[in-house]
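Right, one structure below, let's go through it.
Nothing in this text is a laboratory measurement; each read-out follows from the coordinates by a stated rule. Since this is a predicted model, take the numbers as computed values, not measurements. Glycine gets a Cβ as well: all are built from the backbone with ideal geometry, and neighbour counts include every protein chain shown.
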Amino acid sequence: MKVRNITWKDLGLRKPESFKKTIMISAGVLIATVLSILLFQILKDAVPFSFESNDYSKDSASKFGDLKGNWILFLSIMPAVLLESLLEELLDRGFLITWFEKIFSQTNIATMLSVVLQAVIFGFRHTNDFSERSITVGLIGLIMGIAYVKFGRNLWPLIIAHCVLNTMSMLERV
């Protein structure tokens, strides 16, 4: 970042203009994310091919240990989960979209391509395969990438939304 003269502010980690606006955008991102996942769940059976099916509970059990009823373990890992949410937003939305736009010459097409590419990387990075989960996570990345560009490239609404999504996901496992 230093070599390229890019600051954290340039990537979107800057003070929000308004706390209320930030919360409203976060809520909108959450609603759009849930709706896109529901729509995908409805439409996935209509496509002429099937997806690999990953058992999320097995993935989470191996990654986090047995969380069923284990609130101490849950509370001990949540700070890391929330930090991971912040870092993913910095990397996937802040850095990748900016970097891809520079590679593709900062046109409207470059921005669209950058948003799509970071969503594909985001989805694949969470599963390393082409599965229902990679598409679901890719949709989350797409919604957040669109919101990043549309709402002034401020990461805070996305960080808040990402933290809420991950917290809800972890709560399902306790």
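Each of Val47, Val137 was scored by other Cβ atoms within 10 Å of its Cβ. Listed from fewest to most, they are Val47, Val137. Under a straight-distance cross-link criterion of Cα-Cα below 23 Å, which lysines are reachable from Lys68, leaving out those fewer than 8 residues away in the same chain? The reachable lysines, counting only those whose Cα sits under 23 Å from Lys68, are Lys58. Using C-alpha pairs under 8 Å with a sequence gap of at least 6, the mean separation divided by the residue count of region 93-174 gives a relative contact order of 24 percent. When the Cα positions of Ala80, Gly94, Leu117 are compared along the charge dipole of the chain, Gly94 comes out farthest toward the positive end, with charges on each C-beta of Lys, Arg, Asp and Glu. Extending 7 Å from Cα along the Cβ direction at Lys150 and again at Asn128 yields two label points whose distance is 3.4 nm. If you plug the beta carbon distance of Arg173 and Trp8 into 1/(1 + (r/R0)^6) with R0 = 22 Å, you get a FRET efficiency near 0.10. Ranking Val29, Asn128, Pro16 by Cα position along the charge dipole of the chain, where only Lys, Arg, Asp and Glu carry charges on their C-beta atoms, puts Pro16 farthest toward the positive end.
Contact order, relative form, for region 21-174: 38 percent (alpha carbon pairs under 8 Å, 6 or more residues apart, mean separation divided by residue count). For region 103-116, the Karplus equation 6.51 cos²θ - 1.76 cosθ + 1.60, evaluated at θ = phi - 60°, returns couplings of 5, 8, 6, 6, 9, 4, 5, 4, 5, 4, 4, 5, 5, 5 Hz by residue, with Gly and Pro reported as x.
For each of Glu89, Glu84, Glu101, Glu17, count neighbouring Cβ atoms within 10 Å of the residue's Cβ, then give the residues from fewest to most.
With the sparsest Cβ surroundings first, the list reads Glu17, Glu84, Glu101, Glu89.
Look at where the Cα atoms of region 109-174 and of region 67-84 average out, and the two centres are 21 Å apart.
With 10 angstrom as the radius, rank Ile97, Ile135 by how many other C-beta atoms surround their C-beta, starting from the fewest.
Final ranking by Cβ density, sparse to dense: Ile135, Ile97.
Scanning residues 5 or more positions from Leu155 or on other chains, those with amide H under 5 Å from its amide H are Leu13, Arg14, with H placed 1.01 Å from N in the peptide plane. With the cut-off at 1.5 for a/c, could you classify the chain from its C-alpha gyration tensor as rounded, prolate or oblate? Oblate, since a/c reaches 1.5 and b/c is not below a/b. The charge dipole of the chain, taken about the Cα centre with unit charges on the Cβ atoms of Lys, Arg (+1) and Asp, Glu (-1), comes to about 720 debye, rounded to the nearest 20. Charge tally for Gly12 (other residues, Cβ to Cβ under 10 Å; Lys, Arg +1; Asp, Glu -1): +2. In order along region 88-99, phi translates into HN-Hα couplings of 5, 5, 4, 6, 6, 8, x, 7, 5, 4, 4, 5 Hz, rounded to whole numbers, per the Karplus curve 6.51 cos²θ - 1.76 cosθ + 1.60 with θ = phi - 60° and x for Gly and Pro.
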